[in-house]
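Report on the following structure.
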Amino acid sequence: MASTSAPKGCGSSISSIYYNLCDLTLVWGVVVEAVAAAGVVTSFVLFVTLMACLPFVTDKKRKGMVALQAANLVFTLGLFGLTFAFIVGQYSTSCAARRFLFGVLFSGCLACLVMHGLWLALLQKRGRGPRSWMLCLGALGLWLVEVIINTEWLVITVVSSPSDGVAVLDLFCNIANQDFVMALIYVMLLLLAVVLMAVPSLKHKHKQWRRDGTFILVTGLFTVFIWIAWIVMYITGNATIGNPSWNDPTLAVAVVLNAWVSLVYDNVLKAQEPPSQNVYMENKAFTMDEPPAVPTKPVSPYGCYNGQLRSCVYQPTEIALIAKGLTKKDQAMMIPRASIPALGPTSGSSLPHLAESLPSRDCHTQAD
């Protein structure tokens, strides 16, 4: 194509199919391209980080979900790459990628979320979830269903179409918008399953599992809103406003937004979980400086008894009890209680009686 007809920002050697990637007059292509490229880099970095941190994960339950998280990252990375197929112009390869990979990549992400929600629901009900290989096998089965559906749909529509005088471009790209949406019914069912599976985990007794269920539910709801918006615009909205050329930008924006929602759920928000182990051991050094807390409940005096004799509770022996009793008895005998008789008119002989009693106490003391 001549250099004079090339749009601003594109060179003369660039094919017209890729004009949306460099055309500065159509800003949507450049913006979506930049956002998708950032998502590709972020997904790759997070995937490498997840694999590198796998040996340091000590929680067995959390470690069993790493496989689903890694698979979700791979499918999310694929969604960011699929965005470029909607930015470039339509030709045989891009149209085939759109029709086949759109449902396949979305079903992969949603299958991982469904199995994660199922694991949380079983963990809340039975106290333990299924093994990680069972979850991966279930997600693989859900994903393969969409792969088979898209493969059959692509083969049937291409083979059954009349090929007399029709280019290969038309065979892959000549499809009605309603047919494209109808081929995604299974993906919509998976999306509904994601929302329903996340509801039981909101009642979990552990905060970290409730947080995971909340993230799954929020991701599912955001995905529902995005899908409703792009389906309405793709089927009737763009034609109603008289701008059907916005079908490709609509799908490109929907894919990149959904990919970022999945990326934020699976890695950014869940990575902000506070550590739940060894909290007591880490803060034990600071407990000596803190004032003792006032107990809200009555404390038993036998709380420190651990079954061993004479370890915490003082238990005197029989000899100690006898010695203590004799000491008290001697003190009572050594220090008698003094009493002074009352003096009256008729008590003239009280002093002689008092004098007679003094030697007897001395004798009694000597006898002792």
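Only the coordinates and a few stated rules stand behind these numbers; no lab work does. Keep in mind that this is a model prediction, so the values were computed, not measured. A quick note on method: Cβ atoms are made from the backbone with ideal geometry, for glycine too, and the neighbour counts reach across all protein chains shown.
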Relative to the present Cα-Cα distance, how much length would full extension add between residue 16 and residue 45 at 0.36 nm per residue of separation? 7.2 nm
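Using only alpha carbon pairs under 8 Å that are at least six residues apart, calculate the relative contact order of region 3-269 and give it in whole percent. Intermediate values should be presented prior to the final figure.
Values: 303 pairs, mean separation 59.3, N = 267.
Once divided by the residue count of region 3-269, the mean separation gives 22 percent.
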Between region 107-138 and region 1-50, how far is it from one alpha carbon centroid to the other, in angstrom? 38 Å
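Calculated FRET efficiency, residue 54 and residue 144, Cβ-Cβ r, R0 25 Å, to nearest 0.05?
Once the sixth-power term is evaluated, E becomes 0.45.
Taking 0.36 nm per residue of separation and subtracting the Cα-Cα distance, what length does fully extending residue 157 through residue 185 add?
Working: separation 28, 0.36 × 28 = 10.08 nm, distance 1.70 nm.
Working it through step by step, the gained length comes to 8.4 nm.
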If we sort 47-60, 92-105, 196-209, 252-265 on the protection proxy, mean other Cβ atoms within 10 Å, highest first, what's the order? 252-265, 92-105, 196-209, 47-60
Rg over Rh of region 1-139, using C-alpha atoms and the Kirkwood radius, what does it come to? 1.15
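At a 10 angstrom cut-off on C-beta neighbours, averaged per residue, how do the peptides 23-34, 107-118 rank from highest to lowest?
Values: 23-34: 15.4, 107-118: 27.3.
Per-residue mean Cβ counts within 10 Å order the peptides as 107-118, 23-34.
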If I model a spin label as a point 7 Å beyond the Cα along the Cα-Cβ vector, how far apart are those points for residue 225 and residue 62 in nm? 2.9 nm
Extended-chain gain in nm, criterion 0.36 nm per residue less alpha-carbon gap, residue 210 and residue 74: 46.5 nm
